[in-house]
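Take a look at the structure set out below.
The values are calculated or read from the model by the stated rules, or taken from the named source; none is laboratory data. A quick note: this is a predicted structure, and the numbers were derived from the prediction, not measured. Cβ: placed from backbone, ideal geometry, glycine included. Neighbour counts: every protein chain shown. Protein only, heavy atoms only, side chains kept; ligands, DNA and RNA dropped before computing areas. Shrake-Rupley method; radii C 1.70, N 1.55, O 1.52, S 1.80 Å.
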Amino acid sequence: MSKIKLVGGFACVLLIMIVLGCASASSVAPEWVTEPESTYNSKEYLLAVGSGDNKKDAESDALSLLARSIQQNVVATTESSKTFDGNDNSGFNTNYDYEGTVIAASSIKDIPGVTFPQTWIAKNGTVYTLALLNRQEAGKYYRQKIADLTAVVESEIVFADRNKGSFAALTALQNAVETAQENQLYLDTLAGINSSMYHSISLDYGSAQAVEVLAARQKEHIVVAVDVEGDSNGRIASVLEDILSDLGLKAAASSDTSAAYLFQGKVTMSQLQLDNKYEYARFVIDVDLVEKASGKVLFPYSKNGREAHVSYSEAVQRAYRTLESTLKKEFTPQFLSFVNSSAE
């Protein structure tokens, strides 16, 4: 009977060991819990020891501490602030400040190569686990990511330069800005993981902020001529010119041959007799953004309505005021949406 009990007891112990995996319980904490750098070389690995009520919570805590360690390394490795001040050859102001973006703690989950080689359970049930990140392996991963995104940014900049003054060039640079911002996150992460790899990287485009300057400057090269048929005293043309200016684009007269685009508009007013008390002015406006080289309509807009007054002339004036307001409140956001997504 004692033999059977012994075998049964050994089976139970074996089962517990299988369930807990590498975890062990004792009254004395292993050296890696209190001094992980004595067990693993901190020059080769980033280390963090987390704790929790169970293994999952301990791993989550370790990841959070590992992220905090990377964040601290970013601040120590990168310059905290850079300033550019002055005007370019076109008089564009290039004054801006920026700071390196520090990765959020949650983004540590996206870093490849994090392992948990050690787990220990204290007598009170607290679980401790060690998070380990190989600096060289993770560094190579981010260096490749940075190289891939850098190629995209530089390709978009080259395209924009070859198509200067077009909406396609503007969209290319806006994409370059978004890609450069994403690349900055990878750069910051690399700075926190492997500083030597970080310092070996040189970006031809400079920074995300430098690309933002290029995108803003590109708008100044987009020239849109304005021509509105049937426009009383040029009121509608004036509103369209203001809209272009507010968006950072350049408005021009319809005769300007340097304009690659044309706002081709038409305003029609007609008198309606709906009752004996009021005079009605029915209005119709059409505004098309036309690419002059191809004649293609890139952005169409149309609106109609009516206004009433005791006199037809005053009804017309009301109709123009309605048109001016509508262009500012309705046309502008629609056109801005086109500007931000124009290259297809």
Rolling a 1.4 angstrom probe over the protein heavy atoms, how many square angstrom per residue are accessible across segment 109-210?
-> 46 Å²
Relative to a virtual label point 7 Å from the Cα of ASP227 in the Cα→beta-carbon direction, which members of segment 245-265 show backbone nitrogen distances below 17 Å?
-> 251-265
At a 1.4 Å probe radius, carbon and sulfur cover how many percent of the accessible area of segment 233-344?
-> 45 percent
Fully extended contour minus Cα-Cα distance, from SER196 to SER313, at 0.36 nm per residue = 34.6 nm
Calculate what fraction, in whole %, of the accessible area of segment 120-168 sits on carbon and sulfur atoms when a 1.4 Å probe is rolled over the protein chains.
-> 47 percent
Counting only protein heavy atoms and leaving out ligands, DNA and RNA, the solvent-accessible surface of LYS277 at a 1.4 Å probe, in Å² to the nearest 10, equals 140 Å²
³J(HN,Hα), Karplus 6.51/-1.76/1.60, whole Hz, each residue of segment 29-43, x for Gly, Pro | 6, x, 4, 5, 6, 8, 9, x, 6, 7, 9, 10, 6, 5, 6
For an R0 of 22 angstrom, estimate the FRET efficiency from the Cβ-Cβ distance between SER325 and SER270 and round to the nearest 0.05.
-> 0.60
Quick one: length gained pulling ARG217 to VAL75 fully straight, 0.36 nm per residue minus the C-alpha distance?
-> 48.0 nm
Would you mind checking which residues have amide H under 5 Å from LEU298's amide H? H placed 1.01 Å from N; only 5 or more apart, or other chain.
-> LEU289, VAL290, GLU291
Show the residues, 5+ positions off or on another chain, whose built amide H is closer than 5 Å to the amide H of ASP231.
-> VAL267
Please give the per residue accessible area of segment 251-337, computed with a probe of 1.4 Å over protein heavy atoms only, in Å².
-> 56 Å²
